[in-house]
1. Can you give me the accessible area per residue for the range A:4-106, using a 1.4 Å probe, in Å²?
2. Run lengths n ≥ 4 of DSSP H only: what is the helix-derived mean residue ellipticity at 222 nm for chain A, with -39500 (n - 2.57) per run over all residues, to the nearest 500?
3. Ratio to report: Rg/Rh of the range A:325-415, with Cα atoms as the point set and Rh obtained by the Kirkwood method; give two decimals.
4. With r as the distance between the Cβ atoms of A:Asn297 and A:Ala206 and R0 = 22 Å, compute the FRET efficiency 1/(1 + (r/R0)^6) and round to 0.05.
5. Which percent of the accessible heavy-atom area of chain A goes to carbon and sulfur, probe 1.4 angstrom?
6. Compare the peptides A:321-329, A:34-42, A:392-400 by average per-residue count of other Cβ atoms within 10 angstrom and give them in order, highest first.
7. Report the Rg/Rh value for the range A:99-142, based on alpha-carbon coordinates and the Kirkwood definition of Rh.
8. Using only C-alpha atoms and all pairs of different ones, pull out the Kirkwood radius for the range A:266-423 in Å with one decimal.
Amino acid sequence: MLQIGFIKENKEKVIEGLKKRNLSDFANLDEVIQLDEKRKATQTELNTFQAESNQISKEIGMLYKQGKREEADVLKTKVTQGKERVKELENQMSDLSQKIENILLQIPNVPHSSVPPGTSEEDNEVFRAWPHALPELSETAKPHWELAKDHNLFSLELGTKIAGAGFPLYRGKGAKLQRALIAFFLDENTEAGYEEILPPHLVNEATARGTGQLPDKEGQMYYVTKDDLYLLPTAEVPVTNIYRDEILKEEDFPIMMTAYTPCFRREAGSYGAHVRGLNRVHQFDKVEIVRVELPENSYAALDGMLEHVAGILDKLELPYRILRLCGGDVSFASALTYDFEIWSAAQKRWLEVSSVSNFETFQSNRLKLRYRDGKKTELAHTLNGSSLALARIVAGLLENNQTPDGRIKIPKALQPYTRFEMI
RNA sequence: GGAGAAGUGGCAGAGCUGGUUUAAUGCACUAGUCUUGAAAACUAGCGUACUCGAAAGGGUACCGGGGGUUCGAAUCCCUCCUUCUCCGCCA
């Protein structure tokens, strides 16, 4: 959520940003600015009435003490009259605040100046291409869902039997591979200075609100009605919320955290070839990195995250490229997002495995995540990225590392974790 | 799940028979005095948010959350949440 003060002072900049996102209706900006003016005027009036009635009430107290009952009663009726106006103004205030928030919730973040123009993923900029030739597999190479069947690594059918479509069940070396990847990623992240967090996998409404899943995106989350809890769509939600409603000191920075969690997405999406196998599922495993930074450091932090994720993919020996998302594809809350895609040699397409974003103050405004800058409090910047998402990494590993005789090589870096070299 | 107790500023902790409470006091913290330096002592400051004001400086709201009673609520009432103690159940 943008700050109303920011919109007021930088209206042109906001409009420019919205244009980059291919939006053309800016009427709500003027509307929200006007509503805020009205809110201020209303508050000033309200506070005046409140001050007056506080004053009189004090006098009443004094008069009672002195035994001047009648004088007190006269004042009482006076206050009672003013009270009605106070009630009225209070209602107006909450009504205006609600309206303002409703509009602010609909305004996306202003994209960073480096975000390229564009309307869809077609227009994303290749920020860093794969510098080598893409691997080629023989004609007999198989997609990961066939390899998984051959080696009994996971079963979508059993997952369906037990839960429903989109809930894979891993077994044997497939299950071990999951566990190995999670441990490998967490170790890589903690070695780079990220603190390991193991958060709850269900979150309450305030938490879901803090990172912007609510309102609006409740359809994406599984919801436990009986206890009013949501299943995590990503570890970003609980981990970032650690710092909800906090005022940090400058020396608390940088804050670097990593967490493994399963991720649950209801995702009423498309079906077909592109979502076969592990490409898109309701439950998948992911290791996330989250950072809270001083504004002046957040873009350096973003670069650091980028190199960190790139380093992990290098160790896994997977061909990848980095995209800078265009205005039409960058998510609602993000100012700048880089996507990592690995090349699936068997499916002959790129698979997104990580998304690294700087939200600037868009999330922290909602979270009330501040730091003390001298005497004032300022909003901190929040960033997060996958490091990394498992299901598609597994898909890529299986496909790219298959041998002509139908087996699968485990990358060296992963072997200490799997404790086997071949599947 | 049952019974009881409690939630106050960064922490500890008073207030809780409704009205000079502007939330005492201590610790911590910040600045100053003193000191070669530090400690101690002393002095002052010390919450968040909104708002008025050029500024100085005001105003309002907030004592777990929400609602209510009252001219006036940290204090009374309702409700929800959380924590602690005991019992039950349980990996």
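1. I get 68 Å² per residue for the range A:4-106.
2. The helix-only estimate for chain A comes to -13500 deg cm²/dmol at 222 nm.
3. 1.20
4. Efficiency, rounded to the nearest 0.05: 0.20.
5. 49 percent
6. Those peptides, ordered most packed to least, come out A:392-400, A:321-329, A:34-42.
7. Using only Cα positions, Rg/Rh for the range A:99-142 is 1.30.
8. 17.5 Å is the Kirkwood radius here.
The values are calculated or read from the model by the stated rules, or taken from the named source; none is laboratory data. It should be emphasised that the depicted structure is a prediction, and the values quoted were computed from it without experimental measurement. No Cβ is skipped: glycine too gets one built from the backbone with ideal geometry, and neighbour counts run over all protein chains shown. The protein model used for the area step is the full one, side chains on, heavy atoms only, and it has no ligands, DNA or RNA in it. Shrake-Rupley method; radii C 1.70, N 1.55, O 1.52, S 1.80 Å.
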